[in-house]
Structures are given as structure tokens and as C-alpha cells.
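Right, I'll just put the structure down here and ask away after.
Just so you know, all these numbers are worked out from the coordinates, no wet-lab data involved. Values in this document were obtained by computation on a predicted structure and should not be read as measured data. Every residue, glycine among them, receives a Cβ derived from its backbone with ideal geometry; neighbour counts consider all protein chains shown.
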């Protein structure tokens, strides 16, 4: 019942691809549209779906023009909104949107805008500009069960505070996290960035290597991986606040038999939190009022690793190092066997090391590891 209600709420969001959403929720089009019709006629009593939202948004950029914007950007990856607008007008397209709208279209379709050349700066707390721009992920402190222990995995959308996942896990291993994230990606799509702390399984604060195999998997999916400042939980302030809410509203005074029992309680509470519970940071609206699924779907297979023709490509060795100019430079054992790209910076003798889209470190030729 809670999934049906969640489906209806998401299907009524403006701009959502309903057919894609039905596939993600494993609902046939016949069932999905029937649920929506019942909701319109009976509300929640009809159990599930309908909407007072219009089926058509006349002010939205036509889909054909959005496709042309994305195609032109794919052909000219360095062009921004203003340049694309001018080019589309020159080509004779009518109703070309403003540069800001074009930039929003690019972000909605998973095309990064102005990020590759942006200077590195310390992480600052902020609210992401739109849904799926940033997800925060963490394990809440584990607790005892009637049998075993439960390790709650939480995944939160930074913009909307929508709880994408509250999963009762039996451990904190990378394979467990990857399995749970795979299910979330299949339903809600891929975020642009993922923020975690520096502990395992997504970080390695105690070792020399910052990235783990799980982080490498996320990067290969096209997700930019961010790590919070060590020993500074305020970086993930929304996740920390969410954990306090879970502790107060779900865990306090409860004793669960096992992880399956805990998951049943988690699911019921998550439904209320997302769709009914007013949130102060959202003008007393529930998180689902600001959330919409990502247009970037989980691919059936990992995409190939490709770099620019002028990149200097090196393959990471078994010990996590690359060899350059007779010296060794450590990249990380998680990248063993993968190619990385070396790109010069404006500083003589300094190079940036990229894995797929992500810069993983800087090296200086006069300061080998």
C-alpha cells in the first residue's frame, strides 16, 4: 500500500516520465493509469493515486526542443546556456528558452554544467538546487535485535529531504550497500553526486587510499563521489538530523525480532515521513512535495571508460600506483587494473589525475610518493 501511495505521489510531480516511473516500480501501464484514475475519483480511499495536477504543462519546453538542446550540447560539450541559445536561434528554432532554462535542461538530463574546470574549494553546507543533485548516505549506529544486529542504511535527497532508503541491513559490507543502492537506483534513478563520510565501506580514513571499490563503482555509474571533512559530522548535517528523527520516531522503545521485522517498521515510518509528515525546512510540506525521480536511469551494464584523445593514459598497477617519469605515484588500490587520465594544470610540473569524470588526486613530478 505504501509503495502504491508513493508511486502516485511521484507520478503526479511535474515533468515526471510516468512510463519510466511505472517500469521502476514494476507496475504495468494498465495498472499504473488505473491507480491514478482511482485516486482522482476517490482520493486515498480508492487506494492510491489520482492527481489534481494537469496532464499537460503548456509552459514547459517542448520535448523535441529539449532533445535538440541535449544533442547540441553532446556535440559541443564546452558550450553553456547562452551559446546554445544563440546557436539554436541561428538554426531557426522557434521558442528557444532562456539561457538559465537551457542550463536547467542540461542538468535535468545529466549533463554537468561548468564543473570540470571549477576550482577546488572546501565543502560548505548548503541545499542542493534540485532533486537528485546530491544524495547523502550513511549508516546510523547499529543496534541489537532479538537475533543478530541491525545496521540501518540511510539515503537522503539533499534538496527535498526525501528519504530514498531506510534499509535494515545485517552488516556494513560494500556488497550489501551496492545491492541496496542498486535497488534504489533502479527505482529513483541516479543522483549527480553522492556525499558520504570517510569511513568504510565508502571511505578509508585510516589508510592511505581515500577511495574504495564501492566508490569506484559509483564513479563508473557517472556519480561524483564526495567525502565529508574527517571528524566533522556537520558536513552531513541533514543526514545527522534525519538519524535523530529515526531514533526518536522509529527506534525509541522498540525491540525488533530480526532485520525483516525492523524493515517492516522502517517502511511504514518512511511512508509517513515522505508523504505526510510536515517538514520545517520545507515550509511545513512533506518531502515528496519537492522530490521527483532522476531522469538518469540505472544502465544495464557499466559504461565504458573513455578519455579525451590528448589525455595521458596510465593503468593503475596491483599496488595502487602508476609510473611516470621514472617515479611512482599512488592512486589507490581500488583502481587496480583501471586506466586513469593525467591532465596538466596551470602550474608547471603539476598534473591532475582523473578516473572517468572524477579527479582523484593531484601529483607533482618533483614530489613522487
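What is the spin-label model distance, in nm, from residue 367 to residue 346 if the labels are put 7 Å beyond Cα along the C-beta direction?
Going by the 7 Å Cα→Cβ label model, 1.9 nm.
Something else now. With the crude spin-label approximation of a point 7 Å out along Cα→Cβ, what separation in nm comes out for residue 327 versus residue 310?
2.4
Something else about it: Which of 267, 310, 197 comes first, and how do the rest follow, when ranked by fewest Cβ neighbours within 10 Å?
Going from sparsest to densest Cβ surroundings: 310, 267, 197.
At 222 nm, what helix-only mean residue ellipticity would the chain give, in deg cm²/dmol to the nearest 500, using -39500 (n - 2.57) for each DSSP H run of four or more?
The helix contribution divided over the chain gives -9500 deg cm²/dmol.
Starting from 0.36 nm per residue, how many nanometres of slack lie between residue 209 and residue 258 once their C-alpha separation is accounted for?
That works out to 14.2 nm of additional length.
Could you calculate the FRET efficiency of residue 240 with residue 173 from 1/(1 + (r/R0)^6), where r is the beta carbon distance between them and R0 is 25 Å, rounded to 0.05?
The pair residue 240/residue 173 has a calculated efficiency of 0.65.
Further question: For the stretch 312-364, I need the span (max minus min coordinate) of the C-alpha atoms along each principal axis, in Å, sorted largest to smallest.
The Cα atoms of the stretch 312-364 stretch 30, 26, 15 Å along the principal axes, largest first.
Given R₀ = 45 Å, what would the calculated FRET efficiency be for residue 100 paired with residue 23, taking r from the Cβ atoms and rounding to 0.05?
My answer for the efficiency is 0.90.
Let me ask another. Can you sort 318, 202, 135 from fewest to most other Cβ atoms within 10 Å of each residue's own Cβ?
Exposure proxy ranking, most exposed first: 318, 202, 135.
If you don't mind, another one. Please report Rg (one decimal) and Dmax (integer) in Å for the Cα set of the stretch 135-290.
Cα-based Rg and Dmax for the stretch 135-290 come out at 15.3, 45 Å.
While we're here: Working out 0.36 nm times the residue gap between residue 14 and residue 37, then minus their Cα-Cα distance, what length gain in nm do you get to one decimal?
The span from residue 14 to residue 37 would gain 6.6 nm if fully extended.
Estimate the FRET efficiency between residue 285 and residue 336 by the formula 1/(1 + (r/R0)^6), using the beta-carbon distance for r and 45 Å for R0, to the nearest 0.05.
After rounding to 0.05, the efficiency reads 0.45.
What is the distance, in nm, between label points placed 7 Å from the Cα along the Cα-to-Cβ direction at residue 265 and at residue 247?
1.6
Still on this model: Between residue 129 and residue 302, what length comes free when the chain is fully extended (0.36 nm per residue of separation minus the Cα-Cα distance, one decimal in nm)?
That pair, residue 129 and residue 302, stretches by 59.6 nm at full extension.
Fewest Cβ neighbours within 10 Å first, please rank 143, 329 accordingly.
Fewest-to-most Cβ neighbours within 10 Å comes out as 143, 329.
Defining a contact as two alpha carbons under 8 Å apart and six or more residues distant in sequence, what relative contact order in percent does the chain show?
14
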